[in-house]
Amino acid sequence: MNRLPWAAGAICVAAICVAYGAARAQEPAAPESRSVWDGVYTEEQAKRGEPVYHKECAPCHGDSLAGGESAPPLTGGAFLSNWNGLTLGDLFDRIRKTMPQNTPGKLTKQQNADVLAYALSVNKFPAGKTELSKQTEFLKEIRFDVVKPEPKR
């Protein structure tokens, strides 16, 4: 009779372990980490962003994104180091909430995403097959890494 409570306890522990394992197996996998080097915008999107940039952004940031008297550059070392380690969501929100300087929030989310795609193309980040999202929560999953990460093995 001493073995019966022990056996029942062992069966309960085993059942809990199996249930826990089954629950963990049903959890969604952690999203794969992405960066600007993973082709997060399309060439077409960058082309759509170019005229918007030249109309709305170039008066302050310059035709070549090199900056102006009252606006920082959107290309080159200073720009890249300022955003390195942050996310595209951070940059998108900055654009969306503060630009154009005279009329913040004037552009649609799609126009902001297109302008961001154009800036990524000018900074020589590769284009891909999927457009850059216009949703901040998705853009927060994309790291702005200046240095191209090593290939995954």
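For the stretch 35-143, the extents of the C-alpha atoms along the principal axes are 34, 28, 22 Å, listed from largest to smallest. Taking amide H as placed 1.01 Å from N in the peptide plane, SER35 has its amide H under 5 Å from the amide H of ARG143, each at least 5 places away in sequence or on another chain.
Within a straight-line Cα-Cα reach of under 12 Å, LYS148 can be paired with the following aspartates and glutamates, leaving aside sequence neighbours fewer than 8 residues apart in one chain: ASP38. Which pairs break 18 Å Cα to Cα here: LYS106/LYS140; LYS55/LYS129; LYS97/LYS134; LYS129/LYS152? Table pairs above 18 Å Cα-Cα are LYS106/LYS140; LYS55/LYS129; LYS129/LYS152.
Ordering 37-47, 93-103, 122-132 by mean Cβ neighbour count within 10 Å, with the highest value first, yields 37-47, 122-132, 93-103.
Each value in this text was obtained by applying a stated rule to the coordinates, not by laboratory testing. Values in this document were obtained by computation on a predicted structure and should not be read as measured data. Ideal geometry is used to build each Cβ from the backbone, glycine not excepted, and the neighbour counts take in all protein chains shown.
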